[in-house]
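Colleague: Got a structure here, written out as structure tokens. Questions coming.
The values are calculated or read from the model by the stated rules, or taken from the named source; none is laboratory data. Just so it is clear, the model here is predicted, and its values are computed rather than measured. In this analysis, Cβ positions are derived from the backbone assuming ideal geometry, glycine residues included, and neighbour counts consider all displayed protein chains.
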Amino acid sequence: MTIDKATTRFAPSPTGYLHLGHAFSALFAAQKASPGGLAANKKVGREAPGGRFIVRIEDIDRTRCRPEFTAAILEDLAWLGLEWEQPVRRQSEHMNDYQAALARLEAQGIIYPCFCTRADIAREIESAGAAPHLTQRMGPDGPIYPGICRRLSLDEAARRKTAGAAFALRLKTDEAMARTGTLTWTDAEAGVVTAQPELFGDVVLARKDTPTSYHLSVTVDDALQGVTLVTRGQDLFAATHIHRLLQALLDLPVPAYHHHSLLTGEDGARLAKRDKAATLRSLREAGRTPAEVRAMVGFA
Ligand code: GLU
């Protein structure tokens, strides 16, 4: 096993304060990079022997992300006893990398502009009663796109762009899959998984409000930063189907994956960011020590 040489990352979105679930996820990633770190009661991460541990700030969403949360996240992680490589990559500063990836996909003829609003999509799905295969098909990111703009002529798409209409870029997922053939990836718990990008339909790769998407930027960054083991919660398991397809289309290396189970509160419900009681800030203000908080999430 190459596990003690892994390069891992913790990649929070600065839309709020870190909670216990994040603490677990960050410690999990750091420990996979430097297994001896915690046991030796040293800082976990770069100083410990082993691999590399990266923290990446996923702040492509300009409306929801705030710089003060970025600062708070880094402060909380340091308080928790983590140490990571510098400089920290902030996705908002690397839009050109995502543009370059989009250009490569565009050159393959497998993306198209989509001008639809949510309402347009909902209306189309509703009125497609006669075509039940289009109705109520949900993907991991929401309803499967019914293909409205995929049917636009090139002229019409160009006309709308010139007129200044906002558009997203979607992947022709079926054509992309035909190009790559069957793909697999390996998860430490689930084993070898056959990628099913079709679950997403024509997924958005660049949003109307920001010229990239979670799926595109995370795939590009994991490759650019040399991440060899992607650790993240089970809630993002399905996303890997699309990431694997993007890796194949963009000729990127394929990391190993470890999707871990999510921490739950006493009622068994998932710890949400809005659950104020469980933020690292509030625990710290209540006098808990980093060691106590680590123990609360199973890293004694
Ligand atoms: N930024 C994502 C989040 O905060 C996690 C991305 C990932 O680990 O792939 O949910």
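Colleague: Are there any pairs with C-beta distances below 7 angstrom linking a residue in the stretch 198-218 that is without any contact (Cβ under 8 Å) to a residue 12 or more places away in the chain to a residue that is within 16 Å of the ligand (Cβ to nearest atom) and assigned to a loop (DSSP other than H, G, I, E, B), with the two at least 6 apart or on different chains, and if so which?
Modeller: Cβ pairs passing all conditions: none.
Colleague: A further question follows. Filtering the stretch 218-271 down to residues that are in contact with a helix residue (DSSP H, G or I) (Cβ under 8 Å, 6 or more places away or on another chain) and modelled with pLDDT under 95, which residue is farthest from residue 139 (Cα to Cα)?
Modeller: 265
Colleague: Of the residues 143, 49, only one is surrounded by fewer than 18 Cβ atoms within 10 Å (Cβ to Cβ), within 23 Å of residue 176 (Cα to Cα) and at pLDDT below 95; which? Can you show your working first?
Modeller: Values: 49 fails: within 23 Å of residue 176 (Cα to Cα).
Exactly one of 143, 49 is surrounded by fewer than 18 Cβ atoms within 10 Å (Cβ to Cβ), within 23 Å of residue 176 (Cα to Cα) and at pLDDT below 95, namely 143.
Colleague: Also, I was wondering about something else. Is it true that residue 217 is crowded, with 17+ Cβ neighbours inside 10 Å, more than 24 Å from residue 52 (Cα to Cα) and within 13 Å of the ligand (Cβ to nearest atom)?
Modeller: Details: crowded, with 17+ Cβ neighbours inside 10 Å: yes; more than 24 Å from residue 52 (Cα to Cα): no; within 13 Å of the ligand (Cβ to nearest atom): yes.
Taking the combined requirement at face value, the residue does not satisfy it.
Colleague: Looking for something more than 16 Å from the ligand (Cβ to nearest atom), hydroxyl-bearing (Ser, Thr, Tyr), farther than 20 Å from residue 256 by Cα and out of contact with any Lys or Arg (no Cβ under 9 Å at 6 or more places or on another chain) - is there at least one such residue anywhere in the stretch 189-210?
Modeller: No, because not a single residue in the stretch 189-210 is more than 16 Å from the ligand (Cβ to nearest atom), hydroxyl-bearing (Ser, Thr, Tyr), farther than 20 Å from residue 256 by Cα and out of contact with any Lys or Arg (no Cβ under 9 Å at 6 or more places or on another chain).
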